[in-house]
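The values are calculated or read from the model by the stated rules, or taken from the named source; none is laboratory data. Since the model is a prediction, treat every value here as computed from it, not as a measurement. Please note: Cβ atoms are built from the backbone with ideal geometry, for glycine as well, and neighbour counts cover all protein chains shown.
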Ligand SMILES: [Zn+2]
């Protein structure tokens, strides 16, 4: 209650400011714009309750959380794309109530009994609790417009979107279901790479997912890979980079190794912004950049184009 009241107060002051101030004369314009804003003073900052506003890392504007949620986690001032959870993203893409999740209860097994600073088992439990997810990907079949599509969406919030046996297995089963049902496939990636807590079992997922994709391609079915911030390492080196169409979100960091590792290995100066979606579009690694708000419409258009001549419409 107190938080809502505070938000209204802040918003009210901002919106009433022009009405209280007489319109400036042309030669007074500079003085007027230089006037410090109420919300930017240091004393004022302390009054902003936590969790109600988010500071945009790109334009430094304070964005109202509710506004951010309504705008699919895209900054309303500069269109910076904030991370978005897998469930929220699925809701933004498929028709209401059309998504049927697959293998929702598949969970990782700590086959190596890995222990570092904390055990892998305890990490899994902690992330399952904090995200409400069983692992870093949600898969299922839903409708985009009138087209049935197999959809896999990764979540960076679960152990950095790392690809372990469960991510690999769920995606492989999704791809196989798409092949079996003769429907197109969309995978939306965000990942720090293979999950090293699972050692080589995680690396084997690269080959497994790509083998399944080869059968999907052999059946002449379209696969659209969507790269979101960040998509790196083992995921970028496998299923994320072999789409018939590779789409990225604006400003997404896409690459294999991090810039420091590449610089140390090649001993070369790296061009600015070389791992961004925009840089890679210029050089042909990706096909297009689509803002999050247009993603559903554009994916629908691409599916129509790629599936022209096929009967993939919902029965
Ligand atoms: Zn911004």
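One table, with the values for the structure above:
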| quantity | calculated |
| --- | --- |
| Cβ pairs under 8 Å, 6+ apart, first in the range 60-75 and under 15 Å from residue 291 (Cβ atoms), second assigned to a helix (DSSP H, G or I) and within 11 Å of the ligand (Cβ to nearest atom) | 74/68; 75/68 |
| Enumerated helices (runs of 4 or more DSSP H) restricted to the range 49-148, each holding at least 2 residues that are away from the ligand (no atom under 16 Å from the Cβ) and surrounded by 13 or more Cβ atoms within 10 Å (Cβ to Cβ) | 86-93, 120-131 |
| One residue from 151, 174 being more than 16 Å from the ligand (Cβ to nearest atom), modelled with pLDDT of 95 or more, under 21 Å from the mean Cα position of the chain (by Cα) and assigned to a helix (DSSP H, G or I) | 174 |
| The listed residue being touching a helix residue (DSSP H, G or I) at 6+ places or on another chain (Cβ under 9 Å) and free of Cβ contacts under 8 Å to residues at least 40 places away in the same chain, out of 261, 242 | 242 |
| Residue within the range 211-221 that is in the same structural domain as residue 123 (by TED's automatic domain parsing), in contact with a helix residue (DSSP H, G or I) (Cβ under 7 Å, 6 or more places away or on another chain) and surrounded by fewer than 18 Cβ atoms within 10 Å (Cβ to Cβ) present | yes |
| Residue 303 vs. criteria touching a helix residue (DSSP H, G or I) at 6+ places or on another chain (Cβ under 8 Å), closer than 21 Å to residue 175 by Cα and assigned to a helix (DSSP H, G or I) | no |
